[in-house]
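Since the structure comes first, as structure tokens, the remarks are kept for the end.
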Amino acid sequence: MSRRSRYVMVIDARTCVGCSGCVIACRTENNVAPGHSRDWIFTETAGSFPKLRMTIRSERCNHCKNAACVRACPTGASWYGPGGSVQVNADKCTGCKACIAGCPYDARFVDPRTGTVDKCTFCMHRIDRGMPTTACQDTCPTQSIHFGDLNDAASEVSKLLATREWYTLRPEAGTQPMVYYLK
């Protein structure tokens with residue numbers, strides 16, 4: 001019996017500088033519609049002067065294990081793909097936006113060129129061709145983005161999650177996100 005892959009992304013929130021290199025790489029790699037993004041930079045300043053702290057992180061679809069968008073899609077266009085990733089089949093998508101309403105991460109949009117939903121795919125087209133990384137990971141100048149198989153104990157993502165403190169976004173939503181942020 002072969003081991004099943006579980007693709008995840010691990011982002012180091014301590015080293016991300018918010019340069020938007022990942023956003024530009026994704027737009028270019030995936031021919032994303034102008035004015036839209038499959039990933040984005042989140043920044044937040046907390047505290048009060050002089051004790052301020054800033055959080056910067058690269059965000060995208062969380063490829064949830066219990067994806068609300070997959071459950072909400074009436075046509076089956078949102079589905080679990082390779083390694084448990086969450087994908088959209090544009091041929092089945094009617095652009096009804098039920099998946100957009102269901103996503104607690106605001107990670108989906110309607111591509112104005114096609115009228116269908118678009119989002120991060122974990123660059124499955126690259127993974128299918130045997131490339132081990134996503135476009136955003138390849139371009140990150142601080143090497144803050146890591147992609148891999150959580151079920152492979154020897155993978156970089158497994159090692160990072162085993163040795164560093166981490167968090168996920170909106171765990172209370174019950175979606176079991178597969179994008180992890182290192183503290």
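Quick note: the coordinates plus some simple rules give every number you see, no bench work behind them. Keep in mind that what you see is a predicted model, and the values were worked out from it rather than measured. Please note: Cβ atoms are built from the backbone with ideal geometry, for glycine as well, and neighbour counts cover all protein chains shown.
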(message) If I go through the stretch 140-183 residue by residue, how many of them are of a type in the set (Ser, Thr, Tyr), under 15 Å from Arg14 (Cα atoms) and touching a residue at least 60 places away in the same chain (Cβ under 8 Å)?
(response) 5
(message) Just to confirm my filter: which strands (runs of 3 or more DSSP E) fall fully inside the stretch 7-63 and include at least 1 residues that are surrounded by fewer than 17 Cβ atoms within 10 Å (Cβ to Cβ)?
(response) 39-48, 51-60
(message) Among the numbered criteria (1) closer than 18 Å to Tyr180 by Cα; (2) free of Cβ contacts under 8 Å to residues at least 24 places away in the same chain; (3) of a type in the set (Val, Ile, Thr), which one does Thr134 miss?
(response) (2)
(message) Against the definition (assigned to a helix (DSSP H, G or I) and more than 14 Å from Met9 (Cβ to Cβ)), how does Cys69 come out, yes or no?
(response) yes
